[in-house]
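For reference, the structure is listed below as structure tokens.
The values are calculated or read from the model by the stated rules, or taken from the named source; none is laboratory data. Computed from a predicted model, the values in this text were never measured in an experiment. So basically every Cβ, Gly included, is an ideal-geometry build from the backbone, and we count neighbours across all protein chains shown. For accessibility, only protein heavy atoms count, side chains too; no ligands or nucleic acids. Shrake-Rupley method; radii C 1.70, N 1.55, O 1.52, S 1.80 Å.
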Amino acid sequence: MRLVSTRSCKPGAKLGKPIYNEVGQVLLGKDVELTERLLHRLEEYGVHYFYIEDPLTEDVVIEGVLSDDLRREATQTVRSEFRKLMNDTLKTTKSVNPPDLANSFRPLIHSVIDELTQTSQAMIMLTDMHVTDHYLYQHSLNVCLYATQLGMSYGYNRNDLYMLSLGALMHDIGKTKISRELLLKPGKLTADEYEEVKKHAEIGFDILRGMPNIPLLSAHCAFQHHERLDGSGYPRGLKGEDIHDFARWVGIVDVFDAMTTHRVYRKAMLPHEAVDILYAGSMDHFDRDKLSWFRDKIAIYPLGIEVTLSTGEIGVVVDLNANIPHRPIVRIVELEESGPIAVPYEVDLSKKLSVMITDVNRSKLLGNQRR
Ligand SMILES: [Fe+2]
């Protein structure tokens, strides 16, 4: 299996993994042959990367982050609970009959923690491809999965993990009270519009604070996830130690997921590009220790992605080193100078520290030059 961008994929390729719709059901099944029309539709839906079958890497099997059943349940629960809040026409948080989110999300969070405990793989979120009718649902779930995996590896106990995971799932819940047109507006927001969107942090906090059984620290993930260490964030311009650890984790993975997911105003970046950008702003904005922890845990070069090495070799990531996921094992299939090679071989980048990944998706052989 190999990861390709929708733009570079040639018609005739077969899907290596299903693509799911907004309620977690299969939209396009494994082995479906992609036509020009389907590729176009996928691009419109915002699916910019997916896995295809590929003879050079047919032994590479990519597991989803969650089991199919739990993924479906999680998608549906997040969607239906968030929609209830959106449909509550009161624009304030003083709903007469607020939904009991803790009750709906508690079993889900515990199942997520249990499942993630079983997997030892590096964090890859590109494995589960979805189309969604609202960016907010998928983003909330992704941020929850990233934060939970990070908190787990960081050694949080079950109770802390629960509070972090729940807070991450609901960090943007205030956006259910911001107009959909504004949230999905293509192009740059005006100053006034930006001020309006920024209100979601405080609105989210108010919603959660008024609900039964929501830990205050989870509510603070909503309140503080846009605060930055240098005080440049919002809504309160908190600095350093005043920003809780949970909100610092959520702040990092929120930005990372936003960059690696397709948005109306921007194409999705690949993980390594997003990590570079996070690092560029890390001195002032993010907790450097947490950012390094994150970089060391996430597969910035996911399984199946095509990479160019500093040696001029071009290949596909076929395995990850659990402890150093950014130095994977690459199956070389082509040389920059001379083209395809007869017998592919593998290079373990964790053992060849002088060799760097210099580019991704450049090969002609692997079919990355369609348009
Ligand atoms: Fe936010």
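Annotations
One line per residue, one yes/no per condition, for (1) assigned to a helix (DSSP H, G or I); (2) modelled with pLDDT under 95:
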| residue | (1), (2) |
| --- | --- |
| Leu90 | no, yes |
| Lys94 | no, yes |
| Ala102 | yes, yes |
| His110 | yes, no |
| Ser153 | yes, yes |
| Glu181 | yes, yes |
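- Residues that are under 17 Å from Arg295 (Cα atoms) and open to solvent by less than 20 Å² (accessible area, probe 1.4 Å), drawn from the stretch 326-342: Pro328
Results for (1) closer than 21 Å to Gly233 by Cα; (2) more than 16 Å from the ligand (Cβ to nearest atom); (3) not hydroxyl-bearing (Ser, Thr, Tyr), shown as yes or no for each residue.
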{"site": "Glu273", "(1), (2), (3)": "no, yes, yes"}
{"site": "Tyr279", "(1), (2), (3)": "yes, yes, no"}
{"site": "Phe294", "(1), (2), (3)": "yes, yes, yes"}
{"site": "Ile332", "(1), (2), (3)": "no, yes, yes"}
{"site": "Ser338", "(1), (2), (3)": "no, yes, no"}
{"site": "Lys351", "(1), (2), (3)": "no, yes, yes"}
{"site": "Asp359", "(1), (2), (3)": "no, yes, yes"}
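- Residues that are without any contact (Cβ under 8 Å) to a residue 60 or more places away in the chain and under 19 Å from Leu169 (Cα atoms) within the stretch 45-67 comprise just one, Ser67.
- Residue tally, condition surrounded by fewer than 19 Cβ atoms within 10 Å (Cβ to Cβ), of a type in the set (Val, Ile, Thr) and over 20 Å from Thr148 (Cα atoms), over the stretch 298-325: 1
- Single residue of the stretch 157-187 satisfying the filter (closer than 20 Å to His139 by Cα and open to solvent by 70 Å² or more (accessible area, probe 1.4 Å)) that is farthest from the chain's Cα centre (by Cα): Glu181
- Failed condition for Lys185, given (1) within 16 Å of the ligand (Cβ to nearest atom); (2) over 29 Å from Pro18 (Cβ atoms); (3) of a type outside the set (Gly, Ala, Ser); (4) at pLDDT 90 or above: (4)
- Selection of the stretch 40-73 for residues being open to solvent by 20 Å² or more (accessible area, probe 1.4 Å), hydrophobic (A, V, I, L, M, F, W, C) and in a helix (DSSP H, G or I) yields only Leu56.
- Count of residues meeting criterion [away from the ligand (no atom under 16 Å from the Cβ) and either touching a Cys at 6+ places or on another chain (Cβ under 9 Å) or under 18 Å from Ser80 (Cα atoms) (or both)] in the stretch 137-163: 1
- Here the condition is being within 15 Å of the ligand (Cβ to nearest atom) and either out of contact with any His (no Cβ under 9 Å at 6 or more places or on another chain) or in contact (Cβ under 8 Å) with a residue 60 or more places away in the chain (or both); of Asp192, Asp206, it holds for Asp206 alone.
- Of all residues making up the stretch 187-201, the number that are in contact with a helix residue (DSSP H, G or I) (Cβ under 7 Å, 6 or more places away or on another chain) and in a helix (DSSP H, G or I): 5
- Restricting Asp245, Asp287 to those that are under 18 Å from Cys144 (Cα atoms) and among the charged types (D, E, K, R) reduces the list to Asp245.
- Within the stretch 221-237, the only residue that satisfies the criterion of being away from the ligand (no atom under 13 Å from the Cβ) and crowded, with 19+ Cβ neighbours inside 10 Å is Leu229.
- The stretch 323-369 holds strands (runs of 3 or more DSSP E) entirely within its bounds, and those carrying 2 or more residues that are modelled with pLDDT of 90 or more and among the acidic types (Asp, Glu) map to 339-348.
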